[in-house]
Amino acid sequence: MNTQNKKQNVVEKKQQSCPYAKKCGGCQYQGISYEEQLKKKQKWVSGLMKKHCPVYPIFGMESPYFYRNKVHAVFDRDRKNQIISGVYKEGTHFVVPIDRCLIEDQKADEIIATVKELMKSFKMKVYDEDTQYGFMRHILIKRGFATGQIMVVLVTASPVFPSKNNFVKALRKVHPEITTVIQNVNGRGTSMVLGEKEHILYGKGYIEDVLCGCTFRISSKSFYQINPIQTEHLYEKAIALAKLSGKEKVIDAYCGIGTIGLIASKKAKEVIGVELNKDAVKDAIFNAKRNDIKNVRFYCEDASKFMVKMAEHGESADVVFLDPPRSGSTETFIDSLAMMAPKKVVYISCHPETLERDIRYFKKKGYNPEGCYPFDLFPWTGHVENIVVLTRRK
Ligand code: SAH
């Protein structure tokens, strides 16, 4: 165990308990001490990965509370016809009312409470999924922990927002720290929170945060890691494992708003990022300029298709970072990567099972996993993030 891990493994002695634990279903590890949670995650990852490479001690949080920088709530009415906000009970569209949460940013929860009050005084209708009647559906809040900037996204069923200016004014009077307010229109009978269309009601329409010395613009629909404290450690480790010298051509696949590639660009010759979400790519391009980084290019495409094209054009790469969604990467991606023959691959994963599946395929394609580094980005939940570093067999 390295000293940094030892320090981080210090566990809060006084555990806090959640009044909604049984109903909410968001935290599978409620009622289990944090120390025990880390052990369970370690065991899970070891069980899957130890046959491939050494699994290092999990990097836990010093204080595993209020770490989520992104908070979502759905609005509904209870039996007494009072406005409630909360989460869908797992697998249903029944709303469990939640006023405060042990893992969510506390400021975000305060803002949600204020919005509920304002909805009452503005006589705003809550959207009813059954009758498809009403206006306000969801609220999404993102906060830059390093900058203090806060985005509030109000998801409405229709585009016409009565007294929108007064509503925003009243909200900002209670919470002047809100830096942007967006109306997102989602009129569809869908389980997706956000719709296509957006109107900026106040501010710039995005927030910024700082990670590893770079400033990042984050839009409402772009992916951004939800635990910035742990993410900094995760990215630092991932980039250190790549052992960049300044001469490398680097690919950052599934790059989101460009975080890993932009941070790594300072230690590489050039970086190519690829990402499917067009809003995230726009943010990534903006972020390169924002940080005055010139050796980076971003492409909006499916990562596997992009890798096939690169390989077909006889392009090479020295290091590939990949950070796919829970479903993992694809054999097509790994086949093309192997054709480009980078000497190092750094795989960042939020799902141990798809990671293990992909590592098995990487081995077939000439890559040896050298080590697996678990990070607890999601205390109280059953999720765990991992980095696996692979090197090409000679
Ligand atoms: N590396 C980034 C984002 C990781 S999350 C970060 O650390 O913030 C995974 C990202 O993969 C998301 O931004 C998602 O939009 C993107 N994605 C999902 N499917 C994809 C695909 N087929 N091709 C490229 N990107 C994809």
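Listing for the model above:
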read-out	value
Kyte-Doolittle at least -1.0, axis length at least 20 Å by Cα - qualifying DSSP helices, the chain	106-121
Potential extension, Gln28-Lys125 segment - 0.36 nm per residue separation minus Cα distance	31.6 nm
Whole-percent carbon and sulfur share, accessible surface of the chain, 1.4 Å	52 percent
Spatially proximal lysines relative to Lys142 (Cα-Cα < 16 Å; intrachain offsets below 8 disregarded)	Lys70, Lys107, Lys204, Lys221
Those aspartates and glutamates that a straight Cα-Cα span of less than 13 Å connects to Lys282, excepting residues fewer than 8 apart in one chain	Glu301
Potential lengthening between Lys173 and Lys243 on full extension [0.36 nm per residue; Cα-Cα distance subtracted]	20.3 nm
Unsatisfied cross-links (Cα-Cα over 26 Å) in the set Lys237/Lys278; Lys237/Lys309; Lys23/Lys278; Lys249/Lys364; Lys266/Lys344; Lys123/Lys278	Lys237/Lys278; Lys237/Lys309; Lys23/Lys278; Lys123/Lys278
In Å², nearest 10: area of Ile263 left accessible to a 1.4 Å probe	20 Å²
Volume in Å³ per residue [convex hull over Cα atoms, computed for the chain]	144 Å³
Prolate/oblate/rounded call for segment 130-256, Cα gyration tensor, a/c under 1.5 rounded	prolate
Virtual spin-label span in nm between Val160 and Ser327, 7 Å along Cα→Cβ	3.9 nm
Options Val74, Ser121, Gly328, ranked by Cα towards positive dipole end of the chain, top entry (Cβ charges)	Gly328
For the chain: accessible area per residue (Å², 1.4 Å)	47 Å²
Listed residues Gln28, Gln82, Gln183, most fluctuating in the chain (Gaussian network, C-alpha, under 10 Å)	Gln82
Net lengthening on full extension, Tyr88/Lys204 (0.36 nm per residue, minus Cα-Cα)	38.7 nm
Label-to-label distance, nm, for residues given as Ala21 and Ser191 (7 Å Cα→Cβ offset)	2.6 nm
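The values are calculated or read from the model by the stated rules, or taken from the named source; none is laboratory data. For clarity, every value in this text was computed on a predicted model and none was experimentally measured. All Cβ positions, glycine included, derive from the backbone under ideal geometry; neighbour counts span all protein chains shown. What goes into the accessible areas is simple: the full protein's heavy atoms, side chains included, and nothing from ligands, DNA or RNA. Shrake-Rupley method; radii C 1.70, N 1.55, O 1.52, S 1.80 Å.
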